[in-house]
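The structure appears right after this line, and notes come after that.
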Amino acid sequence: MEHRPLSELSSVADLKIPETVKAPVLSKRERLDRWIELLEQEPDRELRTLDEIEWKPKAQRLAMRADGSALTVAYSDPLLRRAGLRSDTFGEAVDFFEISEHDAHIVLCSCHGGESMRADEAARRVRGVRSPSLWALYFGWFR
């Protein structure tokens, strides 16, 4: 066996990164659908909410997180992490799931669910964010 530096290998071999190593490319809808699926796996699970998001300064709001939140459920998933989810913070959720701060607030804030909410309720809220035209169906009110 001949040993060569990695920099020389591309001239003598067709190097490809295995599919299992590449980060999956998920659409916004696929990312939200995956989050819903994860939440629905344990529908009775009590999840912590984030405390009064709307009253926090922006930098503090974006850094907010809580152990056992709906974001913790998403971040614990290897598929979403490989797809680029870097943490379980409010700001990362807004960026990764490509949702507005307003929508993230509806899903995660204590003012919409108290100190905790069931996972199936969180899934219903994410579903509403995913399909805004169906807000009335999911929440009984219009945007």
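The values are calculated or read from the model by the stated rules, or taken from the named source; none is laboratory data. Values in this document were obtained by computation on a predicted structure and should not be read as measured data. Glycine also receives a Cβ, built like all others from the backbone with ideal geometry; neighbour counts cover every protein chain displayed.
Of the residues in region 44-60, how many are touching a residue at least 40 places away in the same chain (Cβ under 8 Å), surrounded by 14 or more Cβ atoms within 10 Å (Cβ to Cβ) and out of contact with any helix residue (DSSP H, G or I) (no Cβ under 6 Å at 6 or more places or on another chain)?
Total satisfying the criteria: 1.
Pairs only if they're at least six apart or on different chains, beta carbon under 8 angstrom, first in region 63-74 and in contact (Cβ under 8 Å) with a residue 60 or more places away in the chain and under 15 Å from Arg86 (Cβ atoms), second of a type in the set (D, E, K, R) and not in a loop (DSSP other than H, G, I, E, B); list them, first residue then second.
Short answer, once both residue conditions are applied: none.
Can you confirm whether Arg65 is among the basic types (Lys, Arg) and either part of a helix (DSSP H, G or I) or in contact with a Gly (Cβ under 6 Å, 6 or more places away or on another chain) (or both)?
no
Could you count how many residues in region 100-125 are touching a Leu at 6+ places or on another chain (Cβ under 8 Å) and farther than 16 Å from Glu37 by Cα?
Count: 5.
If you take the residues in region 73-105 that are assigned to a helix (DSSP H, G or I) and either among the small types (Gly, Ala, Ser) or in contact with a His (Cβ under 6 Å, 6 or more places away or on another chain) (or both), which one is surrounded by the most Cβ atoms within 10 Å (Cβ to Cβ)?
By that ranking, first place goes to Ala93.
Look at Asp67 and say whether it is exposed (fewer than 13 other Cβ atoms within 10 Å of the Cβ), acidic (Asp, Glu), farther than 15 Å from Arg31 by Cα and over 15 Å from the mean Cα position of the chain (by Cα).
No; evaluated as a whole, the condition is false for this residue.
Against the definition (modelled with pLDDT of 95 or more, basic (Lys, Arg) and out of contact with any strand residue (DSSP E or B) (no Cβ under 8 Å at 6 or more places or on another chain)), how does Arg29 come out, yes or no?
Against the criterion (modelled with pLDDT of 95 or more, basic (Lys, Arg) and out of contact with any strand residue (DSSP E or B) (no Cβ under 8 Å at 6 or more places or on another chain)), Arg29 does not qualify.
Between a residue in region 104-128 that is under 19 Å from Met64 (Cβ atoms) and without any contact (Cβ under 8 Å) to a residue 60 or more places away in the chain and any residue that is buried (at least 19 other Cβ atoms within 10 Å of the Cβ) and among the aromatic types (Phe, Trp, Tyr), which pairs come within a Cβ distance under 8 Å, given they are 6 or more apart or on different chains?
Ala104/Phe90; Ala104/Phe97; Leu108/Phe90
Say we look at region 90-126 and pick out the residues that are of a type in the set (S, T, N, Q) and more than 26 Å from Leu26 (Cα to Cα); which of these is modelled with the highest pLDDT?
Per the criteria, the residue is Ser116.
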